[in-house]
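The values are calculated or read from the model by the stated rules, or taken from the named source; none is laboratory data. Since the model is a prediction, treat every value here as computed from it, not as a measurement. Glycine gets a Cβ as well: all are built from the backbone with ideal geometry, and neighbour counts include every protein chain shown. Quick note on the areas: whole protein, heavy atoms, side chains included, nothing else; ligands and nucleic acids left out. Shrake-Rupley method; radii C 1.70, N 1.55, O 1.52, S 1.80 Å.
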Amino acid sequence: MKKLLTILCSLVMVSCLAGTALAIPTTWTELLDWGPDIKLTDSGILGEGSDHFDYYHDLGTDGFLSAWEVGGDDIVTSYQLEIGINDDSDRKDEIAWIIQPGLTDPDTITSYDFSLDFATIGATVAGVVDIMDDGTLNIRIEPVKGDFFLDYSEIRAYGDNGGSAPVPEPSTMLLLGLGLAGFAGFRRFKKSN
């Protein structure tokens, strides 16, 4: 009788858990590929006269709708940014700052190393807040010394889509429970013989 009570309690717990919906881990991505590449120099961006280049990633293009927006339920907890900057082949000492939201102190700004094909940059708290605000992440690239080309920028944002995982119907759980109870009863019958 004790085993039967344990089995019934287990079935009730499984049935309760079946009704619980969980958010699904999701990754949103966006690739910006400039063509032709944008030439940046420490004396200004060619043709624009600006001393920096601003752009943004919009995760809405990959279906992201922030939980902070009306009707949205997506949440970003982290992201990774990959930016491709190419040297113009003169191999002089060149420096670019890649500035994300919340990073204004030169000690926290990412400096680009021109021996690499691309820079991989981690998330900032202010960057996550920026994405959660409207689904976009604002980036600024400041040429500090030398000249180079901006090739591409890709973001991979990680979080939960806020939707729910498929939940089994109650009849499915009832059948599972009856099957388990039948199996337990069969084992008990077999042991007694």
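Among the residues of this structure, GLY63 does not count as one that is more than 15 Å from GLY159 (Cα to Cα) and modelled with pLDDT of 80 or more.
Do the conditions hold for SER171, that is, is it at pLDDT below 75, of a type outside the set (D, E, K, R), within 22 Å of LEU32 (Cβ to Cβ) and surrounded by fewer than 16 Cβ atoms within 10 Å (Cβ to Cβ)? Spelling it out, it is not the case that SER171 is at pLDDT below 75, of a type outside the set (D, E, K, R), within 22 Å of LEU32 (Cβ to Cβ) and surrounded by fewer than 16 Cβ atoms within 10 Å (Cβ to Cβ).
In the range 13-39, the residues that are at pLDDT below 70 form Cβ pairs under 6 Å with partners that are among the hydrophobic types (A, V, I, L, M, F, W, C), at six or more places apart or across chains, as follows: SER15/MET173; ALA18/MET173; ALA21/VAL167; LEU22/ALA165.
Out of the residues in the range 155-165 that are open to solvent by less than 60 Å² (accessible area, probe 1.4 Å) and part of a loop (DSSP other than H, G, I, E, B), state the one that is modelled with the lowest pLDDT.
So the residue we want is ALA165.
Yes or no, residue by residue, for (1) part of a strand (DSSP E or B); (2) of a type in the set (A, V, I, L, M); (3) modelled with pLDDT under 90:
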site: LEU81; (1), (2), (3): yes, yes, no
site: SER89; (1), (2), (3): no, no, yes
site: ILE98; (1), (2), (3): yes, yes, yes
site: ASP117; (1), (2), (3): no, no, yes
site: VAL129; (1), (2), (3): no, yes, no
site: MET132; (1), (2), (3): no, yes, no
site: ILE139; (1), (2), (3): yes, yes, no
site: SER153; (1), (2), (3): yes, no, no
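Count of the range 137-149 residues, restricted to those that are crowded, with 19+ Cβ neighbours inside 10 Å and within 24 Å of SER78 (Cβ to Cβ), is 3.
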